[in-house]
Amino acid sequence: MDATFFMNVISAGLLTGLVYGLMALGLSVIFGVMRVVNFAHGDMMVVAMYAAFLLYTKLGISPVPALPLVAGLLFVMGYLLQRLLINRFLGATEHIQFLLLLSLAIIITNIVLMVFGPDARNIQLDASFESYSLGPLILDKVRVIAAFTAGGVAMLLWAFFRYTTTGTAIRACADNPVGARVVGLDVEKLYAVTFGIGAACVGAAGCLLLLLVDVHPHLSSDYTLLGFIIVILGGLGSLGGALLGGILVGLSEALSGVLISPSLKSMFSFGLLILVLLLRPQGILGKKP
Amino acid sequence: MNSALLTVDNLGKSFRGLRAVNQVGFEVPRGDIVALIGPNGAGKTTTFNLIAGALPPSDGRVILDGHDITGLGQAAICRAGIGRTFQIVKPFAGLSVEENVMVGALRHDNGDVDKARKAANDILHLLELGDKATHPAQTLTLPDRKRLEVARALATRPKLLLLDEVMAGLRPVECDRMVAILTGLNKETGLTILLIEHVMRAVMALSDHVVVLHHGEKIAEGTPAQVTSHPKVLECYLGEDHE
Amino acid sequence: MSLLHDRRAQLLLGLLALMALVPLAAGDYLLSILITVLIQAYLGMSWNVMMGFAGQFSLGHALYVGLGAYAGGALFVHYGTPPWIGAIAGMAVSVLAGTVIGTLGFRFKVMGVYFALLTIAFAEFTRVLFDHWGWVGASSGLFLPPAANASADNLWLLRGSATMFYYVALGMTVAAFWFSRALLMRRIGYYWQAIREDQDAADALGIDVFRTKMIAVLISAAMTSLGGVFLAFFNNNLYPESIFSMHRSIELILGTIIGGIGTLFGPILGAVVLTALGEGLTILGAHIGIDGVKQIAYGICLMLILILKPGGLWPWLRSRLGLAGGTR
């Protein structure tokens, strides 16, 4: 195991981590604005991955160009879910919200299971076998594409919250829902848009992750947990934090995979989560409450 | 002055450099009713929270009955003999009125539930909530919730009762009832009371002694009659032009 | 008041008598379903002490199930230790784990959903640990040897027929019910509920909040791990993958939330409803013959109950039956 090998492992972990980060961004946005913990997050992720899979196998649209389509689909799904279902539970206690999203997760996963069956699916692009050489570094082409696209989507999201009227209005709702209502904002609609955006992040992340891993329906709870770990690490409600958390988890998975044992990699993620919860519960980049 | 039940000495609190309470000192004599008044933002509730242990003081000391209780937590200070109410009422919403008060009483008699229930009912009768004992606390109206706060604090058998704006939101008749109840308690059991109050007619009717805070500092103290004619007090309540 | 109270007691005794007589008439299938109901009710009641009474949200109770199951199972496999002795070890380990989680969580002020995530993290952490621990069979599992004489019930070694397991589960459930009731009627029960409703106000009334919450965690952990011992000896096999899984943690709390969190009878009612729902849908699913339909319908039913009766089924049923119960 020489230095080049480690550099390669580290860069692969870093690139995958950016995609994880994009997925977790969705979770972070939804929690940051509505204080709803989306326990169906991983299930949405699996839906997105299968949607990208279908678009590729049936229509020949590869995941990166399919990204806007899948993100759009997930946006609609998130928007409707919030409007029709989740909105009436916004003030409910945590365990009630948890159970609501859990039953949603059960329904989604099993619909996916019914349609696609339990087997793992993957796609092979021409680019899957190509790689870039950067000095001694060898980077998988698809991993680079996925990471850069994820970074781009995250930047778009940041610009949206920063510079658009809707984005500003959503931030106002997050800060003070009552005040937002008083100044005449349609809070329900903004919440629905927020949930839609959160879901769209998952849609984009799902497309990109399909380039890197196989998909099967039972991945959903793993992705939900992964999302939690990442946002807690980075700080709930912080966009940069979600990306940073994603990168950290990507790195820790990649490194513990080669250094110790691949099956132990989740233990390190959970260990990291416990540490952060105790030492810096607001997350690495989160603000103190 | 050695008979003072509570001595607040040079108490101060800073929030990120902002001085909310500065060098506040006063005494609450045993068996008296003392009022803490002042305009909004004068630091009354912060002072209360410092005494009750909800916040740790930045400097100064709090002495209860000869024991230094400075910096103890809320629970320890309650056990030392200070019962408090919250300005924004905090009933145990899912429990009945009786159970709310029982929680306060259970620390005594080795946690005997039947005795606590009896004690709770006695206190509820005193505060005219006896007929609502079995109601869930969340169904109470605001005036009743205020009374429940007082009842719950009384159930801990405090030496000193801290009341944070228990008259606010009460109609004049209800306010007079509360004044009568508190005066009765004070006369019959010798309970010492320190209260924050905006309703001046309650302050006038109740208190033996008034302490006035402004911008986190004590600007005057004395009998109700003395402080209401005190020039500094008039100034801060009515503006500088008043002469 | 006392008449209504009597009626409640009569109902309970009647139900208990009926349950005691069931094995005389029931076949193995019904018996196994009833054992499932009872053990789910038992575990639900164990969780209810911590969440329902004291308001501390644990989503990692599979940890205590697993620790109990493995302590009882592994000691039996390696040394032939009777499960009731192994249970003591299991409870001790669970109490220790609960102490660590509770102390860290409460001292560092990890609250609400964050506390729930902390409990998940500990459960998952332990799952991976057991996956790699050879002494307990690692990921290939731990298997309890079947009884030498299958026809004889040995209560001390917990080897025997379904009927014996049924009575053990019934006994545990009744004991847990009685214990929960006793807790709720004592000072600690009132203190827990006060903390659940408003921790700050409870603190101001002189309650030692940390200690009171810890007691809830420890009692809940010990009770849950005893359920784990039962599961180990009833199923005869243990895999970290399943015993420590988040799915088990979720399964464990579903019945209590559906039945009515914080109530005494809610966990039992919830276990009955969910098991009946699950079995009913399995039969229905077998007729339709499509994979996944059962789970989808299950999810929809959960959602419907949540939308229609967010406080749980028991508080609603109780008022329909005209039973007293006040806030519980």
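Data overview
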| read-out | value |
| --- | --- |
| In segment C:295-311, the residues that are at the interface with another protein chain (Cβ under 10 Å from one of its Cβ atoms) and within 22 Å of the chain's Cα centre (by Cα) | C:295, C:298, C:299, C:301, C:302, C:303, C:305, C:306, C:310, C:311 |
| Boolean, residue A:67 is in a helix (DSSP H, G or I), closer than 22 Å to residue A:198 by Cα and open to solvent by 50 Å² or more (accessible area, probe 1.4 Å) | no |
| Exclusive hit being buried (at least 24 other Cβ atoms within 10 Å of the Cβ), over 30 Å from residue B:93 (Cβ atoms) and in contact (Cβ under 8 Å) with a residue 60 or more places away in the chain, set C:86, C:52, C:98 | C:86 |
| Candidates C:204, C:162, C:194, filtered to the one that is touching a Lys or Arg at 6+ places or on another chain (Cβ under 7 Å) and either among the basic types (Lys, Arg) or open to solvent by less than 40 Å² (accessible area, probe 1.4 Å) (or both) | C:204 |
| Count - residues of segment B:143-187 that are touching a Phe, Trp or Tyr at 6+ places or on another chain (Cβ under 7 Å) and among the hydrophobic types (A, V, I, L, M, F, W, C) | 1 |
| Of all residues making up segment A:140-169, the number that are open to solvent by less than 30 Å² (accessible area, probe 1.4 Å), over 13 Å from residue A:211 (Cα atoms) and touching a residue at least 40 places away in the same chain (Cβ under 8 Å) | 4 |
| Unique residue being touching a helix residue (DSSP H, G or I) at 6+ places or on another chain (Cβ under 9 Å) and closer than 30 Å to residue A:148 by Cα when the list is A:52, A:92 | A:52 |
| Condition met for residue A:77 (open to solvent by less than 20 Å² (accessible area, probe 1.4 Å) and on the phi < 0 side of the Ramachandran plot) | no |
| Count - residues of segment A:16-32 that are among the aliphatic types (A, V, I, L, M), farther than 13 Å from residue A:225 by Cα and open to solvent by less than 20 Å² (accessible area, probe 1.4 Å) | 5 |
| Segment C:124-139 residues that are within 12 Å of chain A (Cβ to nearest Cβ), paired with ones that are among the charged types (D, E, K, R) (beta carbon under 9 Å, 6 or more apart) | C:127/C:241; C:128/A:265; C:131/C:241; C:138/C:131; C:139/C:131; C:139/C:241 |
| Qualifying residue in segment B:187-195 (condition: at pLDDT below 90 and surrounded by 15 or more Cβ atoms within 10 Å (Cβ to Cβ)) | no |
| All positions within segment A:93-114 that are among the polar types (S, T, N, Q) and at the interface with chain C (Cβ under 7 Å from one of its Cβ atoms) | A:103, A:110 |
| Odd one out for residue C:174 among (1) among the β-branched types (Val, Ile, Thr); (2) open to solvent by 50 Å² or more (accessible area, probe 1.4 Å); (3) touching a Gly at 6+ places or on another chain (Cβ under 9 Å) | (3) |
| Conditions (1) within 10 Å of chain C (Cβ to nearest Cβ); (2) touching a residue at least 24 places away in the same chain (Cβ under 8 Å): number failed by residue B:76 | (2) |
| Options C:75, C:118: the member that is open to solvent by less than 50 Å² (accessible area, probe 1.4 Å) and either among the β-branched types (Val, Ile, Thr) or under 23 Å from residue C:138 (Cα atoms) (or both) | C:75 |
| Subset of segment C:271-328 that is open to solvent by less than 50 Å² (accessible area, probe 1.4 Å) and of a type in the set (Lys, Arg) - its residue that is modelled with the lowest pLDDT | C:328 |
| Number of positions in segment C:166-224 that are more than 14 Å from every other protein chain (Cβ to nearest Cβ), of a type outside the set (A, V, I, L, M, F, W, C) and touching a residue at least 40 places away in the same chain (Cβ under 8 Å) | 6 |
| Qualifying residue in segment A:196-208 (condition: open to solvent by 10 Å² or more (accessible area, probe 1.4 Å) and closer than 18 Å to residue A:243 by Cα) | yes |
| Tally of residues being surrounded by 24 or more Cβ atoms within 10 Å (Cβ to Cβ) and in a helix (DSSP H, G or I) across segment A:227-245 | 12 |
| Residue match in segment A:269-289 (condition: assigned to a helix (DSSP H, G or I), surrounded by fewer than 21 Cβ atoms within 10 Å (Cβ to Cβ), more than 11 Å from chain C (Cβ to nearest Cβ) and touching a residue at least 40 places away in the same chain (Cβ under 8 Å)) | no |
| Enumerated helices (runs of 4 or more DSSP H) restricted to segment B:120-224, each holding at least 1 residues that are within 14 Å of another protein chain (Cβ to nearest Cβ) and among the acidic types (Asp, Glu) | B:142-155 |
| Members of segment B:84-119 found to be more than 10 Å from every other protein chain (Cβ to nearest Cβ), touching a strand residue (DSSP E or B) at 6+ places or on another chain (Cβ under 9 Å) and either surrounded by 24 or more Cβ atoms within 10 Å (Cβ to Cβ) or over 21 Å from residue B:162 (Cα atoms) (or both), listed by number | B:97 |
| Cβ-Cβ under 6 Å pairs, at least 6 apart or on other chains, segment C:232-258 side in a helix (DSSP H, G or I), far side polar (S, T, N, Q) | C:255/C:40; C:256/C:48 |
| Residues that are touching a residue at least 12 places away in the same chain (Cβ under 8 Å), surrounded by 14 or more Cβ atoms within 10 Å (Cβ to Cβ) and closer than 22 Å to residue C:299 by Cα, drawn from segment A:111-139 | A:112, A:113, A:116 |
| Meets criteria (open to solvent by less than 10 Å² (accessible area, probe 1.4 Å), at negative phi and assigned to a helix (DSSP H, G or I)) for residue C:135 | no |
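The values are calculated or read from the model by the stated rules, or taken from the named source; none is laboratory data. Just so we're clear, the structure is a prediction, and the values are computed from it rather than from any experiment. Methodologically, a virtual Cβ is constructed for each residue, glycine included, from the backbone with ideal geometry; neighbour enumeration extends over all protein chains shown. Accessible surface is based on the protein model in full, side chains and every heavy atom, while ligands, DNA and RNA are left aside. Shrake-Rupley method; radii C 1.70, N 1.55, O 1.52, S 1.80 Å.
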